[in-house]
Amino acid sequence: MTTSHTTVGRPRPRAADRRRTIRVQRATFIVAFLVLPVTVFVVFIASPFLQAFYYSLTDWRGFSQDMNFVGLANFTSMFGDPVFLAALRNSLLLCLVLPTAVLAAAFLIAFTVTAGGPSVGHVRGLRGGGFYRIITFFPYTIPAIVVGLIWAQVYDPTRGLLNSVLTGLGFTEFASFAWLGDADTAMAASMFVIFWALVGFYVVLFIAAIKGIPGETYEAARLDGAGRARTAWSITLPQILASIQSSYVYLGLMVIDSFGFMMVLNPQGGPAYSTLTLTQYLYMTAFTKGQFGDATAMGVFLALVILIYSGIIFGIFRLLGGDRRRGAGA
Amino acid sequence: MQRRRRADIAYATTAHGALGIWSLLIIVPFLWTVMSSLKSSSEILASPLAPPTTWRFDNYVRAWTTAGIGEFFFNTILVVGSALVIVMLLGAMCAYVLARFSFPGNRVIYYAMLISMSFPIFLAIVPLFFTLQNLGLLNTLPGLTVTYVAFALPFTVFFLYAFFESLPHDVYEAAKIDGAGEWRAFFSVMLPMAAPGMASVAILNFIGLWNQFMLPIVLNTKKENWVLTQGMSAFASSTGRSVDYGAMFAAVVMTIIPVLIVYIIFQRRLEGSVSQGTFR
């Protein structure tokens, strides 16, 4: 009867059928591909984040499921806690000093390596710059714990590398100086370690961004008589401003949870809590004191700090970018 | 011209001087660690800068067996390796569907993942602890693996989304015309084309997961399940005279050597992945 040879009258329903099967096929494909990733995301990320906001308003101690709604009590008691305030101050200090130091150094190194070469001929990097690039990046690949462990040994008062070298050079007052055990130096010494570990990543990032700037821009600047400092400031910096901005935000996030470094360098938060960070205190509050309500309140507060930090960075960079564009137009 | 050349030399000298000192600050602590790893504890305490009198390779044996570094190494490779494979597969699937199909909920999923990247893990850590406990996954390696997968997922999706979006449409059309279904089009055509992007994001995920400390210290406290970073931090918290310093330095060297080798071999590719993953 109707064999596959007869085409008369068949195409219409067939095409509609085909379209429907394709649509069903496509829908099953989408669902099949999304079901696992979305489940993992909802169970292990979205739901813990959302729960945190609720737990932060309870007096939950974690040992049983009973908890009372206490409103903002956790937040008010937090600000009456001197240890929390010390941790907050330290975390803000880290956020202020480290990203600026890391990005300034990374910019200088990246510029020197890509455009700091001889001022005749093509614009090129310092001779042997690749070596510095490779060396600088390496610490970034090592776990924070191991970096911290190495530096804790380097800083050790009597058997450490630093004091042995200093004493050997004649600075005998450093014979047994405790860099991490002195409230005046513990924070700076810890900051240096984090700087040491992170700067290479941003050097490589900026080198890539600078390489994206057309060479003619540099040649033109040179013809106009711009020296290295002028080129760096007026050509390179504005061109890679977007990279610097996203690095600033990301680095702020990273620095604020410099948990691994700090846990190894100063497990108890340093002398007189001088290096205790918010994340370390949150961890202690939750998992040694068992005050889960208070700890999640700190987590919520931490998220707020990061939000404000990112907002400020975006604001500053918008102002900078705006100024430059106006300057260029005038 | 003359003056210019002299300025160049002055600049190059200063730059090499500063960068040279910086390089020494990186290299010397490593060399000192290697040297100390070959000394006995008493030698380390007595004269930190003196070279070892006899080379004590037994430090390495003790670190590997007694301190458990071997076991932790195995756990780390197991957890990071399987998490990496799973997250690359799930991430690619999710990113592909989000980037190339339009359906209700598409934007919601994408933005939810994007937003979760800007939250600190610390906000989620306490509820996460109890989620894993309720699922019976607390202190187990599968539990840690699935958490690693979850926390690497948003970045993987975000990164690969842009990659799949930029892949040409005509290859996909050609595959479809040749009779390939959606599954075949993905696994035989699109996924191989995305290989460079996959490699980049895999490298960044590998570094991130290999270095992870906070998730294991909270969610994986049973000692036989420890990962490398936990074993290393145990050295830091065991203070006092009883510490086996030789073994500790040996453990540090053993964790660095594989990374160093991988870094030297894949150095170009690694740096390529950094410059592509601008957001992380």
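For region A:110-248, the alpha carbon convex hull comes to 155 Å³ per residue, rounded to a whole number.
In the calculated pair-distance distribution of chain A, the portion above 28 angstrom amounts to 61 percent of the Cα-Cα pairs.
I need the helices of chain B that pass two filters: whole DSSP H segments spanning 18 Å or more by Cα along the axis, and mean Kyte-Doolittle score no lower than 1.0. Don't skip to the answer; put the middle values down first.
Working: long enough: B:2-36 (50 Å, 0.51); B:69-100 (45 Å, 1.87); B:121-134 (19 Å, 1.82); B:141-166 (37 Å, 1.44); B:195-210 (22 Å, 1.46); B:245-276 (40 Å, 1.22).
Span-like helices in chain B: B:69-100, B:121-134, B:141-166, B:195-210, B:245-276.
Computed with a 1.4 Å probe over protein heavy atoms only, the accessible surface of the protein assembly as shown comes to 46 Å² per residue. Figure legend: label point modelled 7 angstrom from the Cα of A:Tyr54 along Cα→Cβ; residues of region A:264-300 with amide N under 20 Å from it are A:291-300.
List the accessible area buried at the contact between A and B, summed over both sides and calculated with a 1.4 Å probe, in Å² to the nearest 100. Mind showing how you got there, number by number?
Details: alone 19810 and 16720 Å², together 28110 Å².
Protein heavy atoms only, the A-B interface buries about 8400 Å².
With contributions of -39500 (n - 2.57) from each DSSP H run of at least four residues, the per-residue ellipticity at 222 nm computed over chain B stands at -24500 deg cm²/dmol. Take each residue in A:131-141, count the other chain C-beta atoms within 10 Å of its C-beta, and the mean is 6.
Please sort A:298-307, A:271-280, A:22-31 by packing, taking for each peptide the average over its residues of neighbouring beta carbons within 10 angstrom, highest first. Can you show the working numbers first?
Working: A:298-307: 19.8, A:271-280: 22.6, A:22-31: 13.3.
Result, highest mean first: A:271-280, A:298-307, A:22-31.
Using only side-chain charges placed at the Cβ, +1 for Lys and Arg and -1 for Asp and Glu, the dipole size of chain A relative to its Cα centre rounds to 2180 debye. Under a 5 Å amide H cut-off, with hydrogens placed 1.01 Å from N, A:Thr58 pairs with A:Val70 among residues at least 5 apart or on other chains. The Cα center of region A:211-244 and the Cα center of region A:79-146 differ in position by 20 Å.
Dividing the alpha-carbon radius of gyration of region B:8-60 by 2.2 N^0.38 Å (N being the number of residues), what value is obtained? Could the numbers behind the result be given before it?
On the way: Rg = 16.5 Å, N = 53, 2.2 N^0.38 = 9.9 Å.
Output field value: 1.66.
With r as the distance between the Cβ atoms of A:Arg124 and B:Arg5 and R0 = 22 Å, compute the FRET efficiency 1/(1 + (r/R0)^6) and round to 0.05.
Details: r = 15 Å, r/R0 = 0.70.
The calculated FRET efficiency here is 0.90.
Membrane-span-like helices in chain A (whole DSSP H runs, Cα extent of at least 24 Å along the helix axis, mean Kyte-Doolittle hydropathy of at least 1.0): A:82-115, A:186-211, A:292-329.
Within the accessible area of the protein assembly as shown, what % is carbon and sulfur when the probe is 1.4 Å and the other protein chains stay in place? After summing per-atom areas, the C and S share lands at 67 percent. Charge dipole of the protein assembly as shown (Cα centre as origin; +1 on each Lys and Arg Cβ, -1 on each Asp and Glu Cβ, all else neutral): 1980 debye, rounded to the nearest 20. From the Kirkwood radius over Cα pairs of region A:127-201, Stokes-Einstein at 25 °C and 0.890 mPa s returns a whole-number translational diffusion coefficient of 181 µm²/s. Here is the P(r) of the protein assembly as shown: all C-alpha pair distances, binned every 10 Å from 0, give 3, 14, 23, 25, 19, 10, 4, 2, 1, 0, 0 in whole percents.
The mean number of Cβ atoms from other chains found within 10 Å of a Cβ in peptide B:92-101 is 4, as a whole number.
Treating r as the C-beta distance of A:Arg26 and B:Ala174 and R0 as 25 Å, the FRET efficiency rounds to 0.90.
The values are calculated or read from the model by the stated rules, or taken from the named source; none is laboratory data. Since the structure is predicted, the reported quantities are computational estimates derived from the model, not experimental observations. Cβ coordinates were reconstructed from backbone atoms using ideal geometry, including for glycine residues, and neighbour counts include every protein chain displayed. The protein model used for the area step is the full one, side chains on, heavy atoms only, and it has no ligands, DNA or RNA in it. Shrake-Rupley method; radii C 1.70, N 1.55, O 1.52, S 1.80 Å.
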